[in-house]
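Below: the structure, in structure tokens.
What follows draws every value from the coordinates through simple rules; no lab data is involved. Keep in mind it's a predicted model, so treat the numbers as computed, not measured. FYI the Cβ positions are ideal-geometry reconstructions off the backbone, even for glycines, and counts take in every protein chain you see.
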Amino acid sequence: MLRWPLVRALRFDVFGGPEVLKVEDVETPSPHAGQVLVQIHAGGLNFADTERRRGLYSSDTPLPDTSGFEGAGVVFALGQGVDEAWLKRRVAFIAPRAHAEFCVVPVGKLIPLPDSVDFITGAAFPVQALTAWHVLHTLGHVKAKETVLVHSAAGGVGQLLVQLAQEAGARVIGSVSRDAKQERTRADAVLTRGPGFVERLRELAPDGVDLLLEGIGAEVAGEALQCLRPLGRWVTFGTASGPPAPLALEALYEKSISVAAFWLRTDLPTEIAAQAAREIVARVDDGSLQLEITTGPLEDAARAHRRLEGGLTTGKWVLRIQ
Ligand SMILES: NC(=O)c1ccc[n+]([C@@H]2O[C@H](COP(=O)([O-])OP(=O)(O)OC[C@H]3O[C@@H](n4cnc5c(N)ncnc54)[C@H](OP(=O)(O)O)[C@@H]3O)[C@@H](O)[C@H]2O)c1
């Protein structure tokens, strides 16, 4: 029997602006077979949370609903068939409805947290760092000495892409939407997007870049092919500025361009997913992957959403829950 029949959760009854978010009590969920109940200490905020709140994310959002896709905490109860070794373990996880004091998580979505990694950090990396890893390695096949263009290089995924690409030996050109963000990325060169972007990029990479990584969509998709060199690769992983215009496949022939799209919810082969998690946790643990984290209480989530979708944040925003 749980000591907490009701738990605090960040809820929305209707789709809309940040003002629809409210903290209220809901019934504690129960773990079913193959699931655990996690007592959450911190929840990571992602751009997808703002899309889900607006009703733009996917069709599987029932209303009313609880926000959140990732968190970190302690395994509190086990569903049927789950190995008892999970009980009381410190974990990070990816699962919907994570912005609450308790969340049900399928055991396959748990990431054991080393003791050296605190819960705030644990809630900051799962979605963005695993996305960055797969975009860069699983799909981007980055190689040493290549030139990589990372759009929104001061954002959550962007900052991690920059570090992982540099670790792989690539030269990284980052883009940001405003000059003030330039100092919030470690890219080797930084450009503010806007008029003349392609020409300014060509001054840094006269033939174009080998690899273009972007989660912006409409704003940058129209110029993407001009940014790439022959045999270049373009990996798209989001549409923060809205969906891009349809891409004509014939447009790819001239420079023999490859295009790939990534979504973390894809049912990836187990070994590929597990290896990415191992690689990321090792780098978070030894400090070689640095996270810029801003924290705020669950009650302040509407302000965090407003800043995130206004393009005003850099790095990661984590909600403190316990
Ligand atoms: N495919 C996946 O599984 C997956 C997983 C995680 C994230 N994503 C996507 O990756 C992108 C980045 O996510 P994030 O979590 O890193 O969020 P984030 O930290 O908020 O970064 C998003 C960046 O996008 C830019 N941006 C925000 N609103 C914009 C707008 N209206 N128009 C143009 N640019 C805008 C901003 O950078 P600038 O101001 O510098 O441009 C911002 O830093 C999002 O599209 C997100 O949905 C996808």
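Evaluate the distance, in nm, between pseudo-label points positioned 7 Å from the Cα of Arg320 and of Leu268 along their respective Cα→Cβ axes.
3.2
Which of rounded, prolate, oblate describes the range 188-266, given a ≥ b ≥ c as roots of the alpha-carbon gyration tensor eigenvalues and a/c under 1.5 marking rounded, otherwise prolate only if a/b is larger than b/c?
Taking the square roots of the gyration eigenvalues as a ≥ b ≥ c, the range 188-266 is oblate.
Kirkwood Rh, Cα Rg: Rg to Rh for the range 128-261? Write down the numbers at each step before the final one.
Numbers: Rg = 13.2 Å, Rh = 14.4 Å.
We get a ratio of 0.92 for the range 128-261.
Tell me the Rg and the Dmax, in Å, that the Cα atoms of the range 241-322 produce.
Answer for the range 241-322, Rg first and Dmax second: 18.6, 55 Å.
In vacuum, with every alpha carbon of the chain counted as one equal point scatterer, what does the Debye formula give for log10 I(q)/I(0) at q = 0.12 Å⁻¹? Two decimals, please.
With one equal scatterer per Cα and no solvent, log10 I(q)/I(0) is -0.81.
Give me the net charge for the shell around Thr313: Cβ to Cβ below 14 angstrom, other residues only, Lys and Arg +1, Asp and Glu -1.
+3
Which of Ala245, Gly196, Leu161 sits farthest toward the positive end of the charge dipole of the range 128-261, with +1 on the Cβ of Lys and Arg and -1 on the Cβ of Asp and Glu?
Of the listed residues, the answer is Leu161.
Over the range 128-261, calculate the relative contact order: mean separation of alpha carbon pairs under 8 Å at least 6 apart, over the residue count, as a percent. Don't skip to the answer; put the middle values down first.
Details: 268 pairs, mean separation 28.2, N = 134.
Taking the mean separation of contacting Cα pairs over the length of the range 128-261, I get 21 percent.
For a protection proxy built on the mean count of beta-carbon atoms within 10 angstrom, sort 6-14, 168-176, 126-134 highest first, please.
For the peptides 6-14, 168-176, 126-134, the packing ranking is 126-134, 168-176, 6-14.
Just the number, please: percent antiparallel of the DSSP beta bridges in the chain, rounded to the nearest 5. The partial results should precede the final answer.
On the way: 34 of 59 bridges.
The answer is about 60 percent antiparallel.
With a cut-off of at most 14 other beta carbons within 10 Å, and DSSP calling the residue loop, which chymotrypsin sites (Phe, Trp or Tyr not before Pro) in the range 178-282 qualify? Please list them.
Qualifying residues, ordered by number: Tyr253, Trp263.
Net charge within 13 Å of Ser288 by Cβ-Cβ distance, Lys/Arg positive one each and Asp/Glu negative one each, not counting Ser288 itself? Mind showing how you got there, number by number?
Values: positive: Arg186, Arg283; negative: Glu167, Glu279, Asp285, Asp286.
That works out to -2.
Calculate the dipole size of the range 188-314 relative to its Cα centre from +1 charges on Lys and Arg beta carbons and -1 charges on Asp and Glu beta carbons; express the result in debye to the nearest 20.
Using only the charged Cβ atoms, the result is roughly 200 debye.
Using a 10 Å cut-off on Cβ atoms, rank the peptides 222-228, 93-99 from the highest mean neighbour count down.
Values: 222-228: 18.0, 93-99: 24.3.
Packing proxy ranking, top to bottom: 93-99, 222-228.
Rounded to two decimals, what ratio of Rg to Rh does the range 1-111 give with C-alpha atoms and a Kirkwood Rh? Each step should come with its number before you reach the end.
Working: Rg = 13.8 Å, Rh = 14.1 Å.
My calculation of the ratio gives 0.97.
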